[in-house]
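Every number in this text was worked out from the coordinates using simple rules, so none of it is lab data. Being a predicted model, the structure only gives us computed values, none of them experimental. All Cβ positions, even for glycine, are placed from backbone atoms using ideal geometry, and neighbour counts span all protein chains on display.
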Amino acid sequence: MEKIEVNTPCGAVAVRRTERRGRTATVLLHGAAGSWTTWRAAIDSAESGGDVSDLVVPDLPGWGDSPADVDTLDPAGIAAAVAATVRALGYERWRLVGHSLGGFVALELAAQEPEATESVVLVSATTFGGQGDRLGAVEFARRYPALLGLAAAMRALDALGPAGIRFVGVLDRIGLLRTLTAPLFGRRVPDAVTELARDLRPAAFLRALACARRYPAAERWRRVRCPVLAVHGDHDLFSPASDDLPLSRLLPQLHSTVLPATGHFAHVEHPSLLAGALHAR
């Protein structure tokens, strides 16, 4: 895939893309614990089965190769940066596929740009889990203990600075990180664990979680007009299918499906899952 940089209000966004043939892009938005590489297995699987032109795969501002002042980031700004990136590549419309935090951003972008957004696919997406649905601290901890634990780990790594990232790298090299991250997955995906270690951005993760807790989800997401498909793993500790109940009250066009023996990275555990969504139309 070709890599280019696009200037946006959030700074330079690094984006990978396939050949442009139409006016509508399929945009893949990664989560808070990764970068564009989280989509690599799904893209490879789709390429083996047909044409995957018009793919746009950015590193969101603050992650991967897209440096940004994380203290200034919020869902609205990140979504606007994605829209600016896609339009700079010559597209007028888009289909959005978002994993985890990327699903949160996809819904915000669909709310900002209802005419330009044709559809949204949420893959193990953070919605009311990250947003907290205005829950108090005790109720949030009761419903989402895994997310709370991950946030605590990220705070510790952020406090350590570069030493924290090196520590995670050591855990990966000795194989311990696979054990520690095993609850995230329904099956073994060692390459994905290594990529998570390399792409970890604790400060950006914590900023994203803090912004999500304050985000006016009910006000924003009820503006979404396009079809929305939510895909969940039945062993997802962070984004359970039960989150779709409050979401469906805002999005009557929402459809949901649950995958057996699958964790938080459905597109990594099942690379062929998105083949139909990624093939050129």
Antiparallel versus total DSSP beta bridges in the chain: what percent is that, nearest 5?
30 percent
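Roughly what % of DSSP beta bridges within region 13-119 run antiparallel, to the nearest 5? Before the final figure, lay out each step's value.
Working: 3 of 13 bridges.
Taking every DSSP beta bridge with both residues in region 13-119, the antiparallel ones total about 25 percent.
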Of THR194, ILE78, GLY149, which is farthest along the charge dipole of region 2-278 in the positive direction, counting Lys and Arg as +1 and Asp and Glu as -1 at C-beta?
GLY149
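Just to verify a number: FRET efficiency for ALA218 and ALA146, C-beta to C-beta distance, R0 = 35 Å, to 0.05? Could the numbers behind the result be given before it?
Working: r = 24 Å, r/R0 = 0.69.
Result of the calculation: an efficiency of 0.90.
If packing is taken as the mean number of other Cβ atoms within 10 Å per residue, what is the order of 49-60, 150-161, 24-35, highest first?
Values: 49-60: 21.3, 150-161: 14.8, 24-35: 26.3.
Output ranking for 49-60, 150-161, 24-35: 24-35, 49-60, 150-161.
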How much length is gained on full extension from SER256 to ARG166, taking 0.36 nm per residue of separation minus their Cα-Cα distance?
28.5 nm
